[in-house]
Amino acid sequence: MMYGFSFHRPKSLAEAADVFARADDPTYVSGGHSLLPTMKSRLAAPSDLIALTHLPELQGITRDGDRVIIGAAQTHASVASAALVQDALPALAQLAGSIGDMQVRHRGTIGGSLANNDPAADYPSAVLALGATIVTSTREIHADDYFDGMFATALELGEIITAIAFPIPKSAGYAKMRNPASRYALAASFVAKTEDAVRVAITGAGSDGVFRWSAAEKALGASFDSAALAGLALSADDMLGDMHADASYRAHLAAICTQRAVDNQGRLTLL
Amino acid sequence: MRQLAITVNGEVRTADVEDRTLLVEFLREGLGLTGTHVGCDTTQCGACTVIMDGQAVKSCTVLAVMAEGAEVRTIEGLADGDRLHPLQDAFSRHHALQCGFCTPGMIMASLDVIERHGADLDAQTVRHELEGNLCRCTGYHNIVKAVLDAAGRGSPR
Ligand SMILES: Cc1cc2nc3c(=O)[nH]c(=O)nc-3n(C[C@H](O)[C@H](O)[C@H](O)COP(=O)(O)OP(=O)(O)OC[C@H]3O[C@@H](n4cnc5c(N)ncnc54)[C@H](O)[C@@H]3O)c2cc1C
Ligand code: FES
Ligand code: FES
């Protein structure tokens with residue numbers, strides 16, 4: 001059983017921040033699908049849980065010119081099934097539809113996933129490759145300045161993610177190899193092509209969490225063809241290694257995923 | 001402790017809960033609805049699946065207080081007296097259960113899948129959307145057949 005805590009359902013963003021500021025050792029909770037398992041195994045014992053998903057500021061999926069804006073409280077299932085996302089960013093919709101399982105997708109949220117920044121999570125790769133902006137209760141943070149290593153982000157204590165703004169690329173693709181038991185990515189690559197650049201972000205594999213593969217970006221910028229990746233390799237020294245996959249295997253998988261993501265723009269590819 | 005009201009199988013039900021009480025504990029211990037099972041308690045197996053406001057969720061990973069005011073459906077709400085729900089009937093006819101431990105969660109998850117996809121349902125979709133429900137006995141084939149049958153798709157009786 002979890003340690004005890006007090007549950008709060010604030011009426012506004014301001015009230016949420018206020019409750020946070022006054023509590024002893026508080027934590028926000030969205031879908032609870034990273035937080036509650038951690039609390040149940042007694043790896044976390046916050047004094048106060050502050051619910052966010054009902055707040056109006058965190059809702060909605062809209063298109064604003066050349067950007068898609070997704071409220072932080074949107075569940076993975078709602079992103080996967082939104083016609084607007086399917087049209088403008090099909091690879092992102094399909095990425096959301098590949099997270100965990102149906103029940104996890106009904107509860108887990110994009111804001112929670114990005115605040116958590118699990119090194120094997122899916123969304124961080126899309127956010128980084130698309131150069132998205134994380135909108136918070138106090139400011140806007142560009143993806144390049146947001147991810148700060150495993151389970152670490154640029155968020156300040158008490159700061160709340162309210163939305164994520166994704167620029168619409170010319171095309172994008174996502175390829176991943178899942179751990180067949182946990183279904184988290186062993187390695188995955190999100191490749192986005194814009195008017196003037198190519199961005200490649202790898203998740204699941206890096207020992208420092210999600211990262212951009214700049215050598216691949218350069219090669220693909222010169223020629224957007226998976227053949228351009230021939231001869232490029234990631235160093236196993238920078239990869240995670242565990243009982244599921246060692247570091248050199250992950251380095252290899254990440255490169256294969258990148259090729260598949262280039263070959264299959266506009267969709268998700270499961271290896 | 002606080003008193004919490006949740007609509008379960010169409011009836012408003014109340015029980016005393018702590019803030020840390022899980023939805024599955026509210027159902028099993030608070031209301032005595034023991035059809036919803038706990039297989040893993042780590043959000044993996046799906047035995048605890050119930051439908052909350054129209055969506056299948058793992059009730060071991062939802063706080064009871066998060067379901068305050070929600071509509072929850074459990075396996076106990078499916079049969080009409082002695083008449084089994086079509087999904088229960090299909091599971092029985094297709095031998096989609098052996099020990100039966102996973103069955104309540106399988107059926108509640110399948111209900112959501114059928115309600116969302118209706119006549120468009122195919123075997124691949126059933127397999128994808130039941131990934132969060134583990135069965136250690138059947139090997140899944142008969143479960144997929146039962147779900148397609150109950151949805152009115154394929155598998156002769
Ligand atoms: C069985 C299982 C399989 C899974 N498989 C995958 C997978 O394949 N891929 C994947 O990417 N993920 C997977 N997940 C994780 C899932 O996607 C989580 O839902 C997600 O990581 C966290 O979102 P949440 O809304 O549940 O956040 P919560 O668990 O509620 O919160 C997580 C953390 O973020 C903080 N937080 C939440 N919302 C905000 C906000 N708006 N602003 C600031 N801080 C916030 C919380 O304080 C907490 O520290 C899986 C989870 C489970 C249980
Ligand atoms: S008991 Fe809830 S997922 Fe296993
Ligand atoms: S019938 Fe035994 S676990 Fe599924």
Ranking A:Val79, A:Ser125, A:Met2 by how far each Cα lies towards the positive end of the charge dipole of the stretch A:1-160 (+1 on Lys and Arg Cβ, -1 on Asp and Glu Cβ), the top one is A:Met2
With no solvent term and unit scatterers on the alpha-carbon positions of the stretch A:54-159, Debye gives log₁₀ I(q)/I(0) at q = 0.14, 0.15, 0.16, 0.19 Å⁻¹ of -0.51, -0.59, -0.68, -0.99
Contact order relative to length for chain A, counting C-alpha pairs under 8 Å separated by 6 or more residues, stands in percent at 16
Once the in-chain neighbours fewer than 8 apart are removed, the aspartates and glutamates whose Cα is under 18 Å from B:Lys58 read A:Asp101, B:Asp19, B:Glu25, B:Glu29, B:Asp41, B:Glu68, B:Glu71, B:Glu76, B:Asp112, B:Glu115, B:Glu129, B:Glu131
Expected max-MSF residue from B:Gln88, B:Gln44, B:Gln124 in the GNM of chain B (alpha carbon, under 10 Å) is B:Gln124
Summing -39500 (n - 2.57) over every DSSP H run of at least 4 residues in chain A and dividing by its residue count gives a helix-only mean residue ellipticity at 222 nm, to the nearest 500 deg cm²/dmol, of -8500 deg cm²/dmol
With Cα coordinates, the longest principal axis of chain B makes an angle with the long axis of helix B:103-117, in degrees rounded to 10, of 70
Candidates B:Ala56, B:Ala146, B:Ala15; GNM for chain B (alpha-carbon contacts under 10 Å) flags as most fluctuating B:Ala15
Amide H contacts under 5 Å for A:Thr153, restricted to residues at least 5 apart in sequence or on another chain and with H modeled in the peptide plane, are A:Asp148
Zone reached by a paramagnetic label modelled 7 Å from B:Glu29 Cα along Cα→Cβ, restricted to the stretch B:1-23 with backbone N below 14 Å, covers B:1-2, B:15-23
Interchain or sequence-distant (5+) residues whose placed amide H lies within less than 5 Å of the amide H of A:Tyr184 are A:Asn179
If R0 = 35 Å, then B:Asp53 and A:Ala197, at their Cβ-Cβ distance, give a FRET efficiency to the nearest 0.05 of 0.25
Ratio for the protein assembly as shown, C-alpha Rg to 2.2 N^0.38 Å, reads 1.00
With a Förster distance of 56 angstrom and the Cβ-Cβ distance between B:Ala119 and A:Asp144, calculated FRET efficiency to the nearest 0.05 equals 0.75
Across 5 Å bins beginning at 0, the whole-percent shares of Cα-Cα pair distances in the stretch A:151-245 come to 3, 11, 18, 20, 19, 16, 11, 3, 1, 0
So the number of lysine pairs in chain A with alpha-carbon atoms under 22 angstrom apart, 8 or more residues apart or on different chains, is 5
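Values quoted throughout were computed directly from the atomic coordinates according to the rules given, and no laboratory measurement underlies them. Keep in mind it's a predicted model, so treat the numbers as computed, not measured. In this analysis, Cβ positions are derived from the backbone assuming ideal geometry, glycine residues included, and neighbour counts consider all displayed protein chains.
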